[in-house]
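What follows is one structure encoded as structure tokens, with my remarks underneath.
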């Protein structure tokens, strides 16, 4: 199967009320693990490359791997650019055949975010590409043991009125909102504002996205999937699972790789269950 039209996948998720995991990858082992699980369970999958991870895998490498595995599998796959940092980055991803792109101007003032996003939407839609943007700001906790400076990257909740204005003035295809999660890991379980989610879901007519899904708590994520969130980003939890798998006894490199893949696959299976992702018809 080739890379699929994201709109169709999101429409099914909306109709059947579930979320789709967006699994970030930084190497072939992670990606192949995700694909194997999606095939085994016969469920859709979003495979995501974050521009911030370019030190581990380039956008070109991610595109080649994503297209290769999408061609091999029978389940619907979306190749997504996560947190595109500039208009040029988004254009590059589109040229490389990503079927979904995110422009992240959430650190800008509302009007500037709208302006940048609208420019990306116009360019992408002319080429049939799905666009995600972010409003509000999902902060950062601990990422791979590196703690972000306190106060410098705090979560800013998404305003209902601004969400309506943003979608209306950008024609964006999906919207990442901030309702209490953070990127990375937590010392405890975060408090998610399901009420804010419900309010935004009533006001906007595009699929909603949750960033910072790792360590957010199964009940929180299930509540989100049942109340309007259609895509949930997971990355740090896969890194943690891989590291734990690597700690298990192994007598050679092959066993080490197998342990890591098994741990990653079990984590994705778990989240498919939490998100209540339905099988492909």
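Read-outs throughout are calculated quantities, based only on the coordinates presented, and are distinct from any laboratory measurement. As the structure is a prediction and not an experimental result, all values here were calculated from the model. Here the Cβ positions follow ideal geometry from the backbone for every residue, glycine too, while neighbour counts run over all protein chains shown.
Can you work out the FRET efficiency for the pair residue 1 and residue 119, with r the C-beta to C-beta distance and R0 = 45 Å, to the nearest 0.05? Efficiency, rounded to the nearest 0.05: 0.90.
Multiplying the residue separation of residue 88 and residue 254 by 0.36 nm and subtracting their alpha-carbon distance yields 55.8 nm. Modelled this way, with points 7 Å down the Cα-to-C-beta line, the labels at residue 269 and residue 226 are 2.4 nm from one another. Neighbour counting of Cβ atoms within 10 Å sorts the residues 224, 97, fewest neighbours leading, into 97, 224. Counting beta carbons within 10 Å around each of 209, 172 and listing the fewest first gives the order 209, 172. From helices alone, the chain scores -14500 deg cm²/dmol at 222 nm; the rule is -39500 (n - 2.57) for each run of n ≥ 4 DSSP H residues, then divide by the residue total.
Taking all Cα pairs closer than 8 Å and separated by 6 or more residues, the relative contact order of the chain comes to 21 percent.
Site pair residue 36 and residue 52 shows an inter-label distance of 2.8 nm when each label is modelled 7 Å from Cα along Cα→Cβ. Angle of helix 6-16 to the longest C-alpha principal axis of the chain, folded into 0 to 90 degrees and rounded to 10: 90°. With the simple spin-label model, which puts each label point 7 Å out from Cα in the Cβ direction, the residue 73 to residue 109 separation comes to 4.2 nm.
Angle, helix 236-247 long axis vs. longest principal axis of the chain, Cα atoms, 0 to 90°, nearest 10? For 236-247 against the chain, the angle is about 10 degrees.
Bridges between two residues of the stretch 6-275, per DSSP, are antiparallel at a rate of about 10%.
Could you work out the equivalent-ellipsoid semi-axes for the chain, taking the square root of 5 times each eigenvalue of the Cα gyration tensor, largest first, in whole Å? List each step's numbers first, then the result.
On the way: eigenvalues 150, 91, 70 Å².
Sorted largest first and rounded, they come to 27, 21, 19 Å.
Taking the C-alpha atoms only, the angle from helix 59-72 to the longest principal axis of the chain is near 70 degrees.
Order of 158, 117, 73 from fewest to most other C-beta atoms within 10 Å? List each step's numbers first, then the result.
Working: 158 26, 117 29, 73 15.
Least to most surrounded, the residues fall as 73, 158, 117.
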